[in-house]
Amino acid sequence: MTPLADEEIKRILVVMAHPDDCDFGAGGTIALWTKKGIEVSYCIVTNGDQGGEASEFSLEDMAKVRQREQREAGKVLGVSQVTYLNYRDGSLVPTLELRKEIVREIRRAKPDRMVVQSPERNWERIFASHPDHLAAGEAAIQAVYPDARNPYAFTDLKESGFEPWRVRELWITGSPQPNHFVDITETFSKKMDALKAHVSQTAHNPELEPMVRSWGEKNGEANGLVAGRIAEVFKVVNTD
């Protein structure tokens, strides 16, 4: 699959289940896009209140901490627009209500390209297939097609000024069948800085950087890059 050239892309919307999913799944690629002047925005579906090792926080406080951390991580990668849908962490299902909220965000952001999570379980990387990831991916893909472009879908959104919008391309993280890679060696440090901004999630892990580097080097080697190069992988789907 040959993706659209970045020169054809003006805006990208990243829809992910949890704070930090953007950075683990696509942080280096996002940094490359914003460096090129592409406008990237985030839609985070859950509040993240079940994440982290910091047990001193209540559920309510954990949600606030994680949302603050995601805003800081976004700034590292050149992303300032972050929307939270505030569903409960760990309880996400691809309901019609969720689909509608994602349609609203698509029509608001008007992205040419979207980055979403895989609705297919990846048995080789089970941690990529958290139930919330699967649900967010399914709802986001349904929102892209058929709903966001359909003037007869969720007509109350159209009446509120959210006009139909056709997303041209999907980039799916965590897919069991990736078909595209991005060499992020030059932006790997930014990816790590973004991940380290998620203090409640990552500060307890002294092996974080070697772990993430190892994943990326395996991706690079699997796609023919020389040893030591780092890649992120995606399944790219034309939705135009």
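Spot the failing condition for Val93; the list is (1) part of a helix (DSSP H, G or I); (2) at pLDDT 95 or above, and only one is missed.
(1)
Within 20 Å of Leu170 (Cβ to Cβ) and basic (Lys, Arg), is that true of Arg66?
Criteria not met by Arg66.
Could you list, in sequence order, all residues of segment 73-88 that are part of a helix (DSSP H, G or I) and either among the small types (Gly, Ala, Ser) or crowded, with 19+ Cβ neighbours inside 10 Å (or both)?
Ala73, Gly74, Val76, Leu77
Which condition breaks for Leu98 when tested against (1) at pLDDT 95 or above; (2) assigned to a helix (DSSP H, G or I); (3) under 30 Å from Thr185 (Cα atoms); (4) aliphatic (A, V, I, L, M)?
With respect to (1) at pLDDT 95 or above; (2) assigned to a helix (DSSP H, G or I); (3) under 30 Å from Thr185 (Cα atoms); (4) aliphatic (A, V, I, L, M), Leu98 is out only on (3).
Among the residues of segment 117-135, write down those that are within 22 Å of Glu101 (Cα to Cα) and assigned to a loop (DSSP other than H, G, I, E, B).
Across segment 117-135, the qualifying residues are Ser118, Pro119, Glu120, His130.
Among the residues of segment 106-125, how many are touching a strand residue (DSSP E or B) at 6+ places or on another chain (Cβ under 7 Å) and either among the β-branched types (Val, Ile, Thr) or surrounded by fewer than 22 Cβ atoms within 10 Å (Cβ to Cβ) (or both)?
Here the count works out to 5.
List the residue pairs whose Cβ atoms are under 9 Å apart, where the first residue sits in segment 94-123 and is closer than 22 Å to Ile30 by Cα, the second is assigned to a helix (DSSP H, G or I) and among the basic types (Lys, Arg), and the two are 6 or more positions apart or on different chains.
From residues that are closer than 22 Å to Ile30 by Cα, the pairs are Arg107/Lys158.
Which numbered condition trips up Gln117, out of (1) closer than 17 Å to Leu85 by Cα; (2) out of contact with any His (no Cβ under 6 Å at 6 or more places or on another chain)?
Checking Gln117 against (1) closer than 17 Å to Leu85 by Cα; (2) out of contact with any His (no Cβ under 6 Å at 6 or more places or on another chain), the one that fails is (2).
Looking only at segment 30-73, count how many residues are of a type outside the set (Phe, Trp, Tyr) and farther than 22 Å from Ala139 by Cβ.
25
Restricting segment 230-240 to residues that are closer than 17 Å to Ala26 by Cβ and not aromatic (Phe, Trp, Tyr), which is surrounded by the fewest Cβ atoms within 10 Å (Cβ to Cβ)?
Among residues in segment 230-240 that are closer than 17 Å to Ala26 by Cβ and not aromatic (Phe, Trp, Tyr), the one surrounded by the fewest Cβ atoms within 10 Å (Cβ to Cβ) is Val236.
Assess whether Thr155 counts as being β-branched (Val, Ile, Thr) and more than 18 Å from Phe24 (Cα to Cα).
Yes.
Tell me the residue from Met16, Met1 that is modelled with pLDDT under 95 and in contact with a strand residue (DSSP E or B) (Cβ under 7 Å, 6 or more places away or on another chain), please.
Residue meeting the stated conditions: Met1.
Can you pull out every residue in segment 27-72 that is hydroxyl-bearing (Ser, Thr, Tyr), farther than 30 Å from Ala5 by Cβ and surrounded by fewer than 21 Cβ atoms within 10 Å (Cβ to Cβ)?
Within segment 27-72, Ser55, Ser58 qualify.
Taking segment 7-24, which residues are surrounded by 14 or more Cβ atoms within 10 Å (Cβ to Cβ) and in contact with a Lys or Arg (Cβ under 9 Å, 6 or more places away or on another chain)?
Within segment 7-24, Ile9, Arg11, Ile12, Leu13, His18, Pro19, Asp20, Asp23, Phe24 qualify.
For segment 136-176, which positions are buried (at least 22 other Cβ atoms within 10 Å of the Cβ), in a helix (DSSP H, G or I) and of a type in the set (A, V, I, L, M)?
Ala136, Ala139, Ala140, Ile141, Ala143, Val144, Ala148
Just give me the residues in segment 104-124 being polar (S, T, N, Q) and at pLDDT 95 or above, in sequence order.
Gln117, Ser118
The values are calculated or read from the model by the stated rules, or taken from the named source; none is laboratory data. These numbers were taken from a predicted model, which means no experiment stands behind them. No Cβ is skipped: glycine too gets one built from the backbone with ideal geometry, and neighbour counts run over all protein chains shown.
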